[in-house]
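For reference, the structure is listed below as structure tokens.
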Amino acid sequence: MPPIDSDRQADEQLVRAAQQDAAAAPQLLDELFRRHQRRVGAWALRWCDGRTEDAADLAQEVFLRVQEKLAGFRFESAFTTWLYLVTRTVALNRADAARRRPAVSLEEHELDPEDSAAPADEVASRAQQVALLRAAVVAVLEPLEARVLHLHYTDGLTLPAIDRLLGLDNKSGAKAYLVAAKRKLRRHFEGRGPGARAAAEEEA
Amino acid sequence: MTPRVPPEENPELLALALGRTSECPPLERLAAAALGDLTEAERAALLAHAERCPACGAEVALAAGFAEPGGVDDAEVERVVERLRAAGPGAGRVLAFPAPRAAGARSAAPVWARWAAAALVVLGVGFLWQASRTALPPEITGPGTIDVVRGGEIEVEAPVGEVNGVPGALSWRPVAGAALYRVELLDVAGDPLGGGETVATRFELDPALAGRLRERARYAWRVSALDASGRELARSAVVEISILPVSK
Ligand SMILES: [Zn+2]
């Protein structure tokens, strides 16, 4: 894959030419997309943990989105950066859609209801818990451990997909970082005594 | 009684605690830094933040992977690319804009709309058209100043007023001391359509919620800021938006 810098001008020329010439646009876009198919395909393959069908689906949707949005591309960033942001958005939206099924939610404790009408004391407790947990993450975790947790819990990625996306080649990959991170957090909360621990836990 | 779950074993709490905060730089800037699209000084400042922020660190790592292949087999990548190419020209399939447009509007449509609409007729890819409607990504904006709506205690950035197409996200200016923001989307009668909570100053509409919004319709939204004890610190005005069809 050629370096991004050397490709930037060529990409921009293609986009401008296509914006100015409707008749030639399909052919110009075809060339533009061919330049980036491997990049998008490889990233999609990592995101989908090597599943070719899913990766091709994702990549296809990315290029559809690019087509829809390209008229609004204002050359304020490199085309590759813009293309990455589209790719990331499509991938995250798909992950969100899959994750928001109730079946995937937690088995051992309750989530707040979907609506935002939770009682005030529950909200208070949760906001406090979030703040404490974030402080603990920053205080005791290595950056890579925190990133693995973010990708798994906030973005909803599977551990094998995280291995690929972060290029982890240690023996148990992301799982090892996840286990280590939880152990450190557990010790951190336990070390702060039962009072602190209770405050960080559900009060219901 | 809810059983006690330690915070480090609570996925919902972890998702919030590890999310983006009001101090995080925009995603566009992080991606640009990771992909070498900025000056050295700009990049260094962004990467310094990313080094100590779980969310931004992860963003930079994901974006960097876009420039550097690895973690996957070349032959597998080739199979994905072959499938893209086999499906048709360019992206795989040339596809129209998601919104069907009125016949009279066609001459005023941008270049893309004209050729893509024509291609739709030729290729007939209805199922993909459906698929592409289910998940609208947020608008990708470039750097630059953003207008805000004042009047409430929280200044609202976007969307405000007339917007092209269903917005992908809602954003506002940070409030000092806020631990959590609560967002609510309302219909024209002021009844809640949905919403949620975030530690960031941006709330991405999930496909289910975005799917309830229609073009040529009016909605409203508001956001309130809570401190770490759950007390409301501030709230925005109720901001009206009118969703215009995607074609300009
Ligand atoms: Zn950050």
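Sequence-distant contacts, meaning Cα pairs under 8 Å at least 6 residues apart, place the relative contact order of region A:6-92 at 28 percent.
Among bridges DSSP assigns within region B:156-244, what percent are antiparallel (round to 5)?
Numbers: 26 of 30 bridges.
Of the beta bridges lying entirely in region B:156-244, close to 85 percent run antiparallel.
The label-point distance for A:GLU190 and B:ASP74, in a model that sets each label 7 Å from Cα toward Cβ, rounds to 4.9 nm. Looking at region A:36-86, the chymotrypsin sites (Phe, Trp or Tyr not before Pro) that sit in a DSSP loop and have at most 13 other Cβ atoms within 10 Å of their own Cβ are A:PHE75. More than 15 angstrom separation, counting every C-alpha pair in region B:156-244; what % is that? Tail of the P(r) past 15 Å holds 55 percent of the pairs. For a paramagnetic label modelled on A:ALA135 (point 7 Å from Cα along Cα→Cβ), amide N atoms under 20 Å away belong, within region B:223-248, to B:226-233.
Could you tell me whether region A:116-169 comes out rounded, prolate or oblate from its Cα gyration tensor? Rule is a ≥ b ≥ c as square roots of the eigenvalues, rounded for a/c under 1.5, then prolate if a/b exceeds b/c, otherwise oblate. Because a/c hits 1.5 or more and a/b fails to exceed b/c, region A:116-169 counts as oblate.
Evaluate E = 1/(1 + (r/R0)^6) for B:ARG212 and A:ASP54, where r is the Cβ-Cβ distance and R0 equals 35 Å; express this FRET efficiency to the nearest 0.05. Plugging the Cβ-Cβ distance into 1/(1 + (r/R0)^6) gives 0.85.
Compute the distance from the alpha-carbon center of region B:203-238 to that of region A:27-55, in whole Å. That distance is 34 Å.
May I ask for the accessible area buried between chains A and B, both sides summed, probe 1.4 Å, to the nearest 100 Å²?
Its buried surface, counting both partners, is about 9100 Å².
The values are calculated or read from the model by the stated rules, or taken from the named source; none is laboratory data. Predicted, not measured: the structure shown is a model, and the values here were computed from it. Every residue, glycine among them, receives a Cβ derived from its backbone with ideal geometry; neighbour counts consider all protein chains shown. Surface accessibility is based on the protein's heavy atoms, side chains included, excluding ligands, DNA and RNA. Shrake-Rupley method; radii C 1.70, N 1.55, O 1.52, S 1.80 Å.
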